[in-house]
Each structure stands twice: as structure tokens, then as C-alpha cells.
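Below is one structure, written out as C-alpha cells; comments come after it.
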Amino acid sequence: MLGALSRNRPLLALLRGGNGGDKAASAALWAASKRFMSSDNTITVREALNSAIDEEMSADNKVFVMGEEVGEYQGAYKVTKGLLQKFGPDRVLDTPITEAGFTGLGVGAAMYGLKPIVEFMTFNFAMQAIDHLINSAAKTNYMSGGTINVPIVFRGPNGAAAGVAAQHSQCFAAWYGQVPGLKVLVPYDAEDARGLMKAAIRDPDPVVFLENELLYGESFPVSQEVLDPSFTLPIGKAKIMREGDDLTIVTFSKMVGYALKAADELAKEGISVEVVNLRSIRPLDRETINASVRKTSRLLTLEEGWPQHGVGAEICASVVEESFYYLDAPVERICGADVPMPYAANLERLAVPQVRLGSVGLYGSRVKKRCADACM
Amino acid sequence: MAVRQALRRAGGRLLATQGAMAPAALGVAGRGLSTSAEPITLEIPVPFKGHNVEPPSRTVETSAQELTEFFRTMFVMRRMEIAADSLYKSKFIRGFCHLYDGQEAVCVGMEAALNDKDCIITAYRDHCTHLGRGGTVLEVFAELMGRKDGCSLGKGGSMHMYNKKGGFYGGNGIVGAQTPLGAGLAFAQKYLKVEGVTLAMYGDGAANQGQLFEAMNISALWDLPVLYVCENNHYGMGTAEWRSAKSPEYYKRGDYVPGLKVDGMDCLAVKQAVKFAKEYALKNGPMVLEMDTYRYHGHSMSDPGSTYRTRDEISGVRQERDPIERIRKLLLSHEIATVAELKTIEKEAKKEVEDALAKAKESPSPDSEELFSHIYRKSYGAQAYGADRKEVVVTLP
């Protein structure tokens, strides 16, 4: 690896610690580092996030990164790897373990006009700073009559990992998704991660960017367009991952992968499933959701978080409000169990949705039954 | 008044101009009101107390013009807050209303040592602080009454007044939250190489907040140009300082952050302390300034302010330490103004406040559409629902 590096002068020059680089240099670095990916045009979610942050920091000097271990440790999950070396300690800041303090600092810097990216090691710890996300960031543009906006990104892993137990496994999508003034993004694959992260950094409002720890290492094929430094995705637009006619599954983040797997299984049974990847919890793409349900007549929402007042609840309400007469069956939700996350592996498996391959999964059989009923 | 302060901040001093002062107001000795910029040297009566820092000298330089401006500005602020009291009682102001009368010397003294590169962020007792940063009495009254001409278009209210251009970041309702925000403003100033400091103001009640110490730690670690200004009026709502703080020596609470205790009822002491601290912060990082001050009103309009302190205490402070009276005595004893001239200034200040109030009362309520404006700076055509979801669905502007 080092040998390959030494042959690459632009890459080396940048790694030696430039003072911000520029767009062309960043693109050169990106093209060069592609050599180190698993195969051409396949990148991991981690690489997608890293490259997005890198490019945006190169393009705009006001963008900076702060959080615990983002600098010298290269990121607790290595999402910020290499950034300290490239941009220096003035723009990549290791903070003490004081979420309320450093989040408030980030929000204040954003109010002044900088563009902070605040990393929470997990969103569980953001609860210590939640007053700043809601009262200091989300509401300020409104309370100030539009004079003070807060162009900040709060990012980090959200939801269940594996075996990290109750205090480290909560999904916060529903809580943040409720707040006017916040934008809440939930990438699934590498394309989502790159496009949404770049859009979030450029966005003039506070963005809560909910990643997933277990997705960081997953690889996805991406087009050349996605790798271009100018690539962004629109905020507030869901993506149809897979088209279908019999059932709409609306989901986000890691569960998109589960829904796609289940759809494959159900296809063997002759059930055609449309999978909607929300990409954005707030604004919620009600148009795409409802258009899909009007086509398939059946809705299933899928999330890892707790059921009561969850994301699925809002989606179901929206569909019932706007597409009631198109429904052939009651709306259905699959969510995490109504329990704090247990540690024991067997209990943990019971606490979050699973895809059961082989026999058609838990919800597959229900869906199959519902489809069968409708055909009677 | 905003114009005058803007001029002052532009570095120019109003020289020998009578401004709005009636030229006919001649004193007993037959000379006009002195608005000379000639330096006058005074001794600050109450000594500073230092924590890990050598306090500044008690000798302060001022001028007739500065002292007159102090007097006028504080008088306008006092009248404004008293008018707000009446407005609240006649139900023009709703919700919360936290009045600053008694504490005027803090924000006025501060402004004398600051310029437009500096920032201030404070808590909810912000009407006068807003004025000091270039706000107008009209926009304060209109905001208090929830009208269109309010500084936040009527959508913020008493606790949420802002002036970004003037370097005023609110107006914050959550006790203590403004302190890390202030550290963030200072971070941005340092990042962008603006030669300015941020004054993060908080009260004795907020002084025990954990996030304040988190902010102090980071600011000291990163050498941020922030001054933590504790407006110690000795009561956190109804709780006296000795009942809420194990150590009510707030200027020492920064530990490794040096601190100064200042007589907050003395404009000149405040000015001297802030000038000193600003120089320090630009080179070395944070400092704590404890302003020993007092509020005449209760915590808010729903608090009579006399259940946890005696009326004798309140009237005692008014007699002995009132900031406006202090400046009045200076103006008279140094023959800068006569009693009659001061009365003229007072009359004009009252008129300024009354005119602003009348104009504010005429200001209309915001249009209904404003319910949905400014949620985002950029909405991407997102929709929002009103209370009646069938009737009111709005594509955000």
C-alpha cells in the first residue's frame, strides 16, 4: 500500500497535509484512491461518507469537523479517516467527552456563519446535547424571524448495532423527525451516503444525519456520476429501490437491505414487492409513498425503532389520510420490539425485525395471506 | 439612539454636537451642556477582585460626552423597561417578560469597551442588551407585543430578540444554553481571524450549569476569545445565591480560567473590566467577569420579587447603588451638566420611549402566512400542516 502511495505524487502531497486542498486536487486524490477500493466503482458506505466530507471541506473553507476521536484516532468508526492529516487541526477538532458543551459550541459557530459537522459517536450520546439540537439549532431561524440560520450537520451512527445493549441501541429517527426546523436524513447505500452527506453539508439548515454502524463496511456499486465531486441527492425525496405491484414496503437505513432481501424471497412466491427507501425522514416524501401505495394497494412500514409514535406510525397515518380508498387491506407496521435492547443474542434477535430466509419470513407469510385474502 | 450607537461603534465620537439635546437648555452658569470628548480621569470606588489574574487599574479614562451618553442610554433603557411593565399589566405583552431595570450599567458599560467585531449572547433578560447592540426601542416594544415591526417579526417575543448584523445572538430561553453557544461564536471569530471577542452572559442561577463548565473547559483548551460574563443579581428566580451555589464567588468558579469581580452598578468599572478582559481574551483565551448587580423587578412579571427579599433591600440598593444616579452625581459634581439639563435629557428620553411605544401599538400583527415562514432557510417545497390538516396544508416558502 505504501509502495503504491509513493508512486502517487498528488496523493502524497495531499496526505502530507495541505492547507485545505482544492477541488481538482481532491478529485485527483479520489481518482487515485479508487485504486485501493475492492473493485472499480464499488465503495463502502464509510468511503462514501469520508469522500463526501473530504470534498465538501476542500470546496468550502467554512466547513469543519468536530467530535470525539474524529482527528488523531481517525474516527471511532473511521468515517473521518485521513481528514486531520489533510486539513489540519484547525479544521478537524478532537473534542472532550462533553456533548452538551461541544454541540452548543458547534451551533454557536454555525450561527456566526461557519459550517460545522458535529459527530456524535452514537446518537445515544446526542441525548446529552438534545437541547442544543432542538432549542438552539432547529428553532432559531424561526424565532429570529429568519435572520439567523444554523447551517450545521449532526451526524453519527443511529439505531441498533450488535450486542451493545440498551443504552447504545436506540433509534432516534422518530424523535428528530418530529421537529419543525430540522432536516433528518437516513442514507442506506453508498450512493445515498455520498449524495445526502454532500447535500446536508451544503444545506443552510440544521441536518440530523442518521447513519448506521453496521452499514459502514458494506460495499455498493456506484456509477461515475455518484463519484463526481458535484454529485448531490435532493433532500426530501425517497427512492424506489425495487418496483413491484402487490405490496409497498416503506423503510429506511439498514432495513432497506432487509426489505430487498425479503422482496427477493417473496418474488419466489409470486408476490411482487415495491421497496421505497425514504432517504429523508423530514421532509417526508409523502408523494412518493402515496403514489406507490395507490399502485400496489397495500402498505407495510418497516423500521428498527420502537413502534409507538414511530416513523411507521406517521407513514401509516399519511397513507390513511391521503390514499384510504386505494387500500385493499389495513396498513401494517413492522418495528423493533417495545423493549429496551437486551444483550443476550437470542433476545436481541427477537427485539429487531429479521428476514427469515428459506421459509418466507415473518411478515412474508402475513403478506402472502393478505394477498391471498384479497384474491378471494 | 441606534444611529448614535452605530456612530460610536464606527469609531467616531460625536464631537461637540448637541444631538437631540435642546440648545435652549442653558445651565445656571449660562453655559451649554458639555459634550466634550476631553478625557476625564476618575477612580473606580469599589475595587476589582482578581482570581488568577492581576486586576486592572481603578483609574479609568472617560469624557463628558461618554458620561452623558451613559446617562441618556441608561435612562432610555429604564423608561423602556418601566413601560414594558405597564404594557404587561395591561395585557399588551403576553407570556414571559423579564425586566432589566437596575442592571443597565452592565450592558451600557460593556458597549463602551466593544466594537462591531465583538459579539454578545445572553439569556432571556435581553431587552436592554438588544438595545445596546444597535436595536431600537420600537422594535423591542413591537416584538414584546407580537407585532410585525418587532425585531423578530413578532415571532420570537421577549426572550428571542436578535441582531446578527449588530453581533447580538439573542435572547435565549434555556438557562445556560447560551454559554456553549457563546464559545462557538468565539470559535468562529478565531477561525475566521476576526479580531473580536464574544461576551457570553449568564446569571447567578445559570452559573451552576454543567454545560457552562464544559464550555469553559473547551474554550480554555482551545484559547477561544470568549468572556463569560456572570450578571450576578444575587437571585436565581426566587432562590438566593447562597441557597443554590456552594461557592457564590462566581468569578472564581472558572478555576483555571481567570476571573474578575466587578461592581456591576458602575458603568465605568464595567467598561474598564471589559476593556481589560477583551485584551486578555484576544491573546490568551477565556476570562470570567462577575458583575455584581441587582434587579429591581422580580424575576419576571409574574414574580412580585418581594417574597424572597425585603423591600428594604430593594430600596436600599436603589438609594445607594442605582447606576443612573451614580452617573447623575458624576455629571453634576464635574459640572458637565446642570440639574435642568439633566431634566431635559430625561424629558427627551421619555418622549423617545413614548413615541416608540405609540408607533409600536400601531404596528399590525403578523400575517397568518408568517406561521409557516422561516421554519427553514431552504424548504425544497416541503409541506407543513396546520392544526386542521384538511384545511391547511402549506408548501413552505
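Each value in this text was obtained by applying a stated rule to the coordinates, not by laboratory testing. Keep in mind that this is a model prediction, so the values were computed, not measured. Here Cβ is always computed from backbone atoms with ideal geometry, including for glycine, and neighbour counts include all displayed protein chains.
In sequence order, the stretch B:114-129 has phi-based couplings of 10, 9, 6, 8, 8, 10, 10, 9, 9, 8, 8, 8, 10, 4, 6, 4 Hz under the Karplus curve 6.51 cos²θ - 1.76 cosθ + 1.60, θ = phi - 60°, and Gly or Pro positions carry x. Each distinct pair of alpha carbons in the stretch B:3-366 adds a 1/r term; the inverse of their mean, the Kirkwood radius, is 20.6 Å. Under a 5 Å amide H cut-off, with hydrogens placed 1.01 Å from N, A:Thr44 pairs with A:Phe220 among residues at least 5 apart or on other chains. Geometric descriptor of the stretch B:85-191, per residue, is 98 Å³ (volume of the convex hull of the Cα atoms). Between B:Ser63 and B:Ile40, the built amide H atoms are under 5 Å apart, and every one of these is 5 or more places off in sequence or on another chain.
Hydrodynamic analysis of the stretch A:217-303 uses the Kirkwood radius over alpha carbon pairs. Inserted into Stokes-Einstein at 37 °C and 0.692 mPa s, it gives a translational diffusion coefficient of 239 µm²/s. Peptides A:85-93, A:120-128 ordered by packing proxy, namely the average of other Cβ atoms within 10 Å per residue, highest first: A:120-128, A:85-93. Taking other Cβ atoms within 10 Å as a rough exposure proxy, B:Thr68, B:Thr122 sort from fewest to most as B:Thr68, B:Thr122. Taking other C-beta atoms within 10 Å as the exposure proxy, B:Cys230, A:Cys335 rank A:Cys335, B:Cys230 from fewest upward. Between the amide H of B:Asn233 and those of B:Asp204, B:Thr293, distances stay under 5 Å, these residues lying 5 or more places away or on another chain, with hydrogens modeled in the peptide plane. Taking other C-beta atoms within 10 Å as the exposure proxy, B:Met265, B:Met237, A:Met66, A:Met197 rank B:Met237, A:Met66, B:Met265, A:Met197 from fewest upward. For the protein assembly as shown, the calculated P(r), taken from all Cα-Cα distances in 10 Å bins from zero up to the bin holding the longest distance, is 3, 13, 21, 21, 17, 12, 8, 4, 1, 0, 0 percent.
Cross-link list B:Lys91/B:Lys361; B:Lys91/B:Lys390; B:Lys89/B:Lys351; B:Lys271/B:Lys351; A:Lys86/A:Lys239: which exceed 24 angstrom alpha carbon to alpha carbon? Correct reply: B:Lys91/B:Lys390; B:Lys271/B:Lys351; A:Lys86/A:Lys239. Averaged over peptide B:188-194, the number of partner chain Cβ atoms lying within 10 Å of each residue's Cβ comes to 5. From the alpha carbon centroid of the stretch A:45-83 to that of the stretch A:188-243 is 15 Å. Excluding the site residues themselves, the longest part of chain B lacking any GluC sites (Glu not before Pro) in a DSSP loop with at most 16 other Cβ atoms within 10 Å is B:1-194.
Between the C-alpha center of the stretch B:327-397 and that of the stretch B:285-324 there is a gap of 25 Å. Using a cutoff of 8 angstrom between alpha carbon atoms and counting only pairs six or more residues apart, the relative contact order for chain B works out to 20 percent.
Length, then width, then depth: along the principal axes, the Cα atoms of the stretch A:50-148 run 40, 30, 19 Å. Note on the stretch A:163-243: Rg/Rh from Cα positions, Kirkwood definition for Rh, rounded to two decimals, is 0.99.
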